[in-house]
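Derivation of every value follows stated rules applied to the coordinates shown; laboratory data play no part. For clarity, every value in this text was computed on a predicted model and none was experimentally measured. All Cβ positions, glycine included, derive from the backbone under ideal geometry; neighbour counts span all protein chains shown.
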Amino acid sequence: MLTKLGYGILSIIIALLSIFSPALNFRRRPADAIMRMVAVSDTHIGSMALRVAGGSLCFNDIAKTIDPDLLLIDGDCVDEANEENWTAFETIYDKYCGVENVLMTLGNHDTWEDYDTSHDYDAAVARWLDYTNRIMNYRHDSPRYAYEQNGFHFVVLAQETTSTAAEISDAQIAWADGQITAAEEADPGRPVFVLLHQPMAYTHGIGAGDIDDTDESFTTAQASRKFMEMLDSHENIIYISGHAHHIYSNGQLGYKTVEKVGEHITSVNLPSMLYGGQGAVIDVYEDRVEFMGRNFLTRTWDNTFRFTVEF
Ligand SMILES: [Fe+2]
């Protein structure tokens, strides 16, 4: 963990940035937007000074410049899921972010107390619930839960093992199906946001080293086809994942940050917040959802990633 002096220096840097960056970078929330969200993934907070500093700078820009109504953190919240890293996460979240409404998902790193030696799923989930129930300000007793805000619905899913891929059972797919149906009935015509840390297999052209988008040991594993078909049987799904750590791209090197999957799914694969600072600001309107890329570390907008989902 940082020392008191370390946190003092960090706070001064953040205070100085906060004075200048809103004026330079403020993009006013449109008056007709129903709500403003921020979505980030792979925050990989740890107790090392660089992870603390990087996470703090990004969280501060999110809270102070963007000021969202809802923040989505799509897994790999911590780098290793031990007390030290979770304490670092909670400390910097409380100090520099504190957005009241936040949804977090369980990533593969959130199931690894130690990369190499300790992979105990039940113990990791218990710790994840302990911390996220304090940070999220929304009671949940499982990493699979449903949430509603301003008439928009979020279905949060989670891997069921400690593997790198998302192993998800038929029971979880059926549960998600039921939650999405209930959301569509409650607020007809509106898209439903589905969050899982891993992208679906065969999507985004993910090519990282020896990993490609057909590698089921990296994406949604054996459940992919069935899972995708279930999502596509609904009207309008916005599927948000992370995990790949790619920077925003519209396909020049084969990888695409956002793509249409099937007939009814818009799939968004978020970059890593820690490794590069990128994430999305999302303005939700009565008839559309607008995504805008932002680098929360450099406090700049990124027009490589801008698109709209209409409904
Ligand atoms: Fe991951």
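Provide Rg over Rh for the range 81-127; use the alpha carbon set for both Rg and the Kirkwood Rh (inverse mean inverse pair distance).
That ratio equals 1.02.
Determine the gain in length on full extension of the stretch Glu286-Arg225; use 0.36 nm per residue of separation and subtract their C-alpha separation, reporting nm with one decimal.
Between Glu286 and Arg225, full extension yields an extra 18.8 nm.
Comparing Met136, Met200, Met48, which has the greatest mean-square fluctuation in the GNM of the chain with Cα pairs linked when under 10 Å apart?
Met48
Taking the Cβ-Cβ separation of Ala31 and Thr181 as r and a Förster radius of 30 Å, what is the calculated FRET efficiency to the nearest 0.05?
With a Förster radius of 30 Å, E is 0.35.
Extension gain Ser163-Asp141, at 0.36 nm per residue separation less the Cα-Cα distance, in nm?
Using 0.36 nm per residue and subtracting the Cα-Cα distance, I get 5.8 nm.
Report the extension gain between Thr304 and Ala49 in nm, rounded to one decimal, defined as 0.36 nm multiplied by the number of residues separating them, less their alpha carbon distance.
Working it through step by step, the gained length comes to 88.8 nm.
Given labels modelled 7 Å from the Cα in the Cβ direction, how far is it in nm from Asp170 to Ile12?
Inter-label distance under the simple model: 6.3 nm.
Among Ala171, Ala63, Ala183, whose mean-square fluctuation peaks in a Gaussian network model of the chain (Cα, cutoff 10 Å)?
The residue with the greatest mean-square fluctuation here is Ala171.
I need the shape label for the range 94-197. Rule: rounded when a/c is under 1.5, else prolate if a/b > b/c, else oblate, with a, b, c from the alpha carbon gyration tensor.
It is oblate, given that a/c is not under 1.5 and a/b is not larger than b/c.
Tell me what the chain gives for mean residue ellipticity at 222 nm when only DSSP H runs of n ≥ 4 count, each as -39,500 (n - 2.57), the sum divided by the residue total, rounded to 500 deg cm²/dmol.
Roughly -9500 deg cm²/dmol at 222 nm, from the helical runs in the chain.
With a point put 7 Å past each Cα toward its Cβ, work out how far Glu148 is from Asp232 in nm, to one decimal.
Those two pseudo-labels are separated by 2.9 nm.
Please name which of Thr132, Tyr93, Asn269 has its Cα lying farthest along the dipole of the chain towards the positive end, using unit charges on Cβ (Lys, Arg +1; Asp, Glu -1) and the Cα centre as origin.
Ranked along the dipole, the leading option is Tyr93.
In whole Å, how far is the Cα centre of the range 228-305 from that of the range 107-177?
Answer, in whole Å: 20.
Return the percentage of antiparallel bridges among DSSP beta bridges fully within the range 4-310, rounded to the nearest 5 %.
60
Work out the FRET efficiency for Asp116 and Glu83 from their Cβ-Cβ distance, taking R0 = 25 Å, and round it to the nearest 0.05.
Computed FRET efficiency for Asp116 and Glu83 comes out at 0.90.
Sort the range 35-152 into rounded, prolate or oblate with this rule: let a ≥ b ≥ c be the square roots of the eigenvalues of the Cα gyration tensor; rounded if a/c is under 1.5, and if a/c is not under 1.5, prolate when a/b is larger than b/c, oblate otherwise.
oblate
Rank Leu17, Ile282, Gly242 by how far each Cα sits towards the positive end of the charge dipole of the chain (+1 on Lys, Arg Cβ; -1 on Asp, Glu Cβ) and give me just the farthest.
Most positive-ward Cα: Leu17.
Once you have a ≥ b ≥ c as the square roots of the Cα gyration tensor eigenvalues for the range 220-308, tell me rounded if a/c is under 1.5, and otherwise prolate or oblate according to whether a/b is larger than b/c.
oblate
Would you list the P(r) distribution for the chain, with all Cα-Cα distances sorted into 20 Å bins from 0 and each bin expressed as a whole %?
35, 60, 5
Among Glu167, Glu184, Glu263, which one moves the most in a GNM of the chain with springs linking Cα atoms closer than 10 Å?
Of Glu167, Glu184, Glu263, the Gaussian network model singles out Glu263 as fluctuating most.
Using the crude model of +1 on Lys and Arg Cβ and -1 on Asp and Glu Cβ, and no other charge, please compute the dipole size for the chain relative to its Cα centre, in debye to 20.
Approximately 1420 debye in magnitude.
Please list the helices of the chain that count as membrane-span-like by this rule: a mean Kyte-Doolittle hydropathy of at least 0.0 together with Cα atoms stretching 20 Å or more along the helix axis, each helix being a complete DSSP H run.
4-25
Please give every one of the lysines within straight-line cross-link reach of Lys64, meaning a C-alpha to C-alpha distance under 21 Å, and leave out same-chain neighbours fewer than 8 residues apart.
Candidates past the 8-residue exclusion: Lys95.
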